[in-house]
Ligand code: C6P
């Protein structure tokens, strides 16, 4: 089937005002979607409507604006719950994003781990899913061990199996690698970890734009993501946690709205989800997060996945024709992220020239330095596609890339 016919991409693109702009006199080609996705007017309108009509603090006021805002915020929580198929709305904790969600869990485990416990982290992680666990092991004396990867960018599962033992308490892995696009076999990893009694946190920052995780089917303990990668706003995200875990971990931050009762002698805490939501939250962000999921679901994740896979294959084939170009991350199960370098040209130089031609890609280590160290490179050029990108944009990108390579060789 013709690529553009799988989705009505021409119509979809009209939803994204930013896609009409020019950059350096050229039509914008936005291939930095793994860093942040663009926002459709359906989501922008929700934010404008909130500030125009019912901006108020929530859970605190008897007045109409506060009640309208509270209702919309809690309705959005239910949308998020349904989207991820969590059992209860209170298993969805609003956070500032993936990084915040991971730090919340890492902080909570400080009181549950002891010296000599082991925690496993995959070699494919973003710094957000490494550093908080290093800090946790420094606080507790737990030992951080790494599940290694191979040249294709796949995790070596036999080594994962060997690392699991009765001291393993936690396993951290991303669903999809931001630097290489590898889709990790989290179903297998969760089952194996549970068999020895370890809990699993899955970083879904890069999976949620491309697929629809079912947290109950996965039987995952914690699943985290950011709204800004799923056509939503920045500064808001979620932590899904199984009820039993969320009840077991202590609160993350102290403040307003996370309490049951406060005296100078003692404070008792609110129940879920409020125990983890201290202070005035990002109200418009939460509501817009729900709207972003509505938008993505109106397009449909099956169609999105198929279309993006076609874009990935098309771009990969075109890139392979360029002399001296090496793709990093050749796993069989991959999403629409391509990391590459050309000969010994610095990624930053290519990225700068592409920008002059209106094309946005990310260059550098992508907050995943251990992956760059594995390949012994300082960084890569990363092109990442979403459902609103087109084959024509890829053609223009390939022509521009060839030009940049010629200029820099
Ligand atoms: N990756 C990228 O360009 P925040 O910043 O909290 O929304 O997400 C952090 C994060 C955590 N895990 C993974 C797998 C991620 O990809 C990211 C964000 C962006 O790849 C920005 S560094």
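The values are calculated or read from the model by the stated rules, or taken from the named source; none is laboratory data. From a predicted model like this one, the values you see are computed outputs, not experimental measurements. Reconstructed Cβ throughout: ideal geometry from the backbone, glycine too, with neighbour counts over all protein chains shown.
Given the criterion touching a residue at least 40 places away in the same chain (Cβ under 8 Å), on the phi < 0 side of the Ramachandran plot and either assigned to a loop (DSSP other than H, G, I, E, B) or loosely packed, with under 15 Cβ neighbours inside 10 Å (or both), identify the matching residue among 87, 82.
Being touching a residue at least 40 places away in the same chain (Cβ under 8 Å), on the phi < 0 side of the Ramachandran plot and either assigned to a loop (DSSP other than H, G, I, E, B) or loosely packed, with under 15 Cβ neighbours inside 10 Å (or both) holds for just one of 87, 82, which is 87.
Here's the yes/no breakdown for (1) closer than 28 Å to residue 56 by Cβ; (2) touching a helix residue (DSSP H, G or I) at 6+ places or on another chain (Cβ under 9 Å); (3) buried (at least 16 other Cβ atoms within 10 Å of the Cβ); (4) at pLDDT 95 or above:
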| position | (1), (2), (3), (4) |
| --- | --- |
| 265 | no, no, no, yes |
| 275 | yes, yes, yes, yes |
| 281 | yes, yes, yes, yes |
| 284 | yes, yes, yes, yes |
| 302 | no, no, no, yes |
| 311 | no, yes, yes, yes |
| 315 | no, yes, yes, yes |
| 324 | no, yes, no, yes |
| 328 | no, yes, yes, yes |
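Please specify each residue of the stretch 96-148 satisfying the condition of being assigned to a loop (DSSP other than H, G, I, E, B) and within 16 Å of the ligand (Cβ to nearest atom).
96, 97, 123, 124, 125, 126, 130
For the stretch 218-229, does any single residue satisfy the condition of being under 29 Å from residue 55 (Cβ atoms), surrounded by fewer than 21 Cβ atoms within 10 Å (Cβ to Cβ) and more than 16 Å from the ligand (Cβ to nearest atom)?
no
Residues are listed down the side, and each one gets a yes or a no for (1) outside the structural domain of residue 309 (by TED's automatic domain parsing); (2) outside any strand (DSSP E or B); (3) away from the ligand (no atom under 11 Å from the Cβ):
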{"position": "152", "(1), (2), (3)": "yes, yes, yes"}
{"position": "158", "(1), (2), (3)": "yes, yes, yes"}
{"position": "162", "(1), (2), (3)": "yes, yes, yes"}
{"position": "169", "(1), (2), (3)": "yes, no, yes"}
{"position": "173", "(1), (2), (3)": "yes, no, no"}
{"position": "180", "(1), (2), (3)": "yes, yes, no"}
{"position": "189", "(1), (2), (3)": "yes, yes, yes"}
{"position": "193", "(1), (2), (3)": "yes, yes, yes"}
{"position": "205", "(1), (2), (3)": "yes, yes, no"}
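Report whether or not residue 200 is surrounded by fewer than 23 Cβ atoms within 10 Å (Cβ to Cβ) and assigned to a strand (DSSP E or B).
Spelling it out, residue 200 is indeed surrounded by fewer than 23 Cβ atoms within 10 Å (Cβ to Cβ) and assigned to a strand (DSSP E or B).
For the stretch 271-374, which fully contained helices (runs of 4 or more DSSP H) count at least 1 residues that are within 24 Å of residue 241 (Cα to Cα) and touching a residue at least 40 places away in the same chain (Cβ under 8 Å)?
Passing ranges, in order: 283-299, 301-320.
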